[in-house]
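What follows is one structure encoded as structure tokens, with my remarks underneath.
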Amino acid sequence: MFKTFSVSAAAFAATLVGATTFDLPAIGKELKFASFVGGPHPMNRFVFAPWTKEVAKLSGGDLTVKMYYGGSLGKGGTKQYKRAVDGVADITWALQGYTANLFRKTTLIEFSKLSKDTVDATKRMWKVYNKHLSSEYSRVKPLAIWVGDAPVLHTKIKAVNKISDLKGMKIRTPSQYQAWMIQALGATPVPMPATKIYNSLDRGVIDGVLIAVSGVRSFKLNEVTKYHADGIAWGYSPFFAVMNKKSYDSLSQKHKAIIDKTTGLAMSVKAASIYGKAGAKVFKGLKADKKRSVNTLSAAEVAKAHALIKNAEENIIGRVKKEGIDLKPALKALRGAGG
């Protein structure tokens, strides 16, 4: 009797174990995605929010990505890369220019006349990535690398009609390379993240800003600027979306495959294209606004600016060489990566 009961009990226990171990659905995995700007920003609205839905759909809901907008996991774009490295967030996005010393080769895409548009610049970076840029992303899993739309000079009180007008003006710059370029044109560069521009212009801390035209709308700079100077062929500011390495490595093979399939060049080109279209739309609106001045510098002034910028770029190569980094091979590769 005792033996029969034991077998039955064992069978019953096995049934319970089987039910609890094999019949219950797998526990889902949620990734935290930190954005330093709000949900309405074009990158969040048209790239990353749709991506989170795609990931959820492809995984059947057992891999999800939760967006944390407006710096809710930590304020400021300048620390976004570190947040990904340290695991404060699983995924972050921002500009390489905010931590320019870590991305000396990637930020070469900011050089003048190197690319014809946002998509071209983005494709150039990906074509040279494996050989020239990958070492700059060794601490993270890169998901996307792309550029924003072309920068323009936006000022509050004084119009820039010629290069000499910049003398003494305090101009916000998004990166170290562009700070050195602005300095070469006679202005005083003031590096700061885009989220601080509005208040700095409003309080007179800076006189103007070098930023992609789409940023005028994204950061409401139309409220604190009146003059917009076009014509100079500034390079494009690069962006990244990166993932904490441990977060990626901890994923199942199925989940890794989903991340890999939905990111990379395709996501990057999509982001670049959206920036390009957004910039064109905003610039059209600025030109139509009777209350502001949008001017294109004369050919003579543009030539003067380009000569000064070219000299600044040559100086940049020399300055960075002293840091032990030879930029020439990467720059040559980027220039030859078109088509």
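The values are calculated or read from the model by the stated rules, or taken from the named source; none is laboratory data. Source: prediction; values computed, not measured. Positions of Cβ are backbone-derived with ideal geometry, glycine not excepted, and every protein chain shown enters the neighbour counts.
Here 206, 211 are screened, and the one residue that is surrounded by 20 or more Cβ atoms within 10 Å (Cβ to Cβ), in contact with a Pro (Cβ under 9 Å, 6 or more places away or on another chain) and not acidic (Asp, Glu) is 211. Counting residues in the stretch 116-136 that are over 23 Å from the mean Cα position of the chain (by Cα) and part of a loop (DSSP other than H, G, I, E, B) gives zero. If only residues of the stretch 113-141 that are polar (S, T, N, Q) and surrounded by 17 or more Cβ atoms within 10 Å (Cβ to Cβ) are counted, the one that is farthest from residue 95 (Cα to Cα) is 115. On the stretch given as the stretch 262-294, residues that are under 22 Å from residue 51 (Cβ atoms), in contact with a helix residue (DSSP H, G or I) (Cβ under 9 Å, 6 or more places away or on another chain) and among the aliphatic types (A, V, I, L, M) total 7. Among the candidates 301, 313, the residue that is surrounded by 13 or more Cβ atoms within 10 Å (Cβ to Cβ), under 30 Å from residue 159 (Cβ atoms), in the same structural domain as residue 181 (by TED's automatic domain parsing) and more than 26 Å from the chain's Cα centre (by Cα) is uniquely 301. Report yes if residue 295 is assigned by TED's automatic domain parsing to the domain that holds residue 184, modelled with pLDDT of 95 or more and either outside any strand (DSSP E or B) or touching a Ser or Thr at 6+ places or on another chain (Cβ under 9 Å) (or both), otherwise no. Criteria not met by residue 295. Just one of the listed residues (206, 211) is touching a residue at least 12 places away in the same chain (Cβ under 8 Å) and over 22 Å from the mean Cα position of the chain (by Cα), namely 206. Just one residue in the set 242, 320, 302, 282 is touching a Pro at 6+ places or on another chain (Cβ under 7 Å) and either of a type in the set (A, V, I, L, M) or free of Cβ contacts under 8 Å to residues at least 24 places away in the same chain (or both); that residue is 242.
Scanning the stretch 69-103 for residues that are among the small types (Gly, Ala, Ser), part of a loop (DSSP other than H, G, I, E, B) and at pLDDT 95 or above yields 70, 71, 72, 74, 87, 89.
Number of residues in the stretch 290-323 that are more than 19 Å from residue 151 (Cβ to Cβ) and among the acidic types (Asp, Glu) equals 2.
Inside the stretch 193-203, residues that are buried (at least 20 other Cβ atoms within 10 Å of the Cβ) and under 21 Å from the mean Cα position of the chain (by Cα) make up a count of 3.
Given the structure, is residue 58 in contact with a His (Cβ under 7 Å, 6 or more places away or on another chain), under 18 Å from residue 248 (Cβ atoms) and in contact (Cβ under 8 Å) with a residue 40 or more places away in the chain? No; evaluated as a whole, the condition is false for this residue.
Only residues that are of a type in the set (A, V, I, L, M) and part of a helix (DSSP H, G or I): list them for the stretch 298-327, please. Passing the criteria: 299, 300, 302, 303, 305, 307, 308, 309, 312, 316, 317, 320.
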